[in-house]
Amino acid sequence: MTSGDEKYWYNLTTGAVERGFESPAIDRAGPFDTAEEAAKAPQLLAERSRAWAEDDAREND
């Protein structure tokens, strides 16, 4: 298994893909195995958020 400093991260503040721990943890999403996966982080986060909201709505009904 590789450590986080060998993975790719999406910087939530700048929108840049970074390798390793370049930015503070609060600004990073990841880790991802490839730069291409990290670049898709905003879409992935939106999909997960939508799915969680739908699950919460079902549980509250």
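With the chain as the region, which strands (runs of 3 or more DSSP E) entirely inside it contain at least 1 residues that are free of Cβ contacts under 8 Å to residues at least 60 places away in the same chain and aromatic (Phe, Trp, Tyr)?
Where strands (runs of 3 or more DSSP E) fall fully within the chain and carry at least 1 residues being free of Cβ contacts under 8 Å to residues at least 60 places away in the same chain and aromatic (Phe, Trp, Tyr), they are 8-11, 28-32.
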Name the residue, out of GLY4, GLY15, GLY30, that is at pLDDT below 95 and open to solvent by less than 50 Å² (accessible area, probe 1.4 Å).
GLY4
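The values are calculated or read from the model by the stated rules, or taken from the named source; none is laboratory data. The model shown is predicted, which means the values in this text are computed figures rather than measured ones. A quick note on method: Cβ atoms are made from the backbone with ideal geometry, for glycine too, and the neighbour counts reach across all protein chains shown. All accessible areas refer to the heavy atoms of the entire protein, side chains included, with ligands and DNA or RNA removed. Shrake-Rupley method; radii C 1.70, N 1.55, O 1.52, S 1.80 Å.
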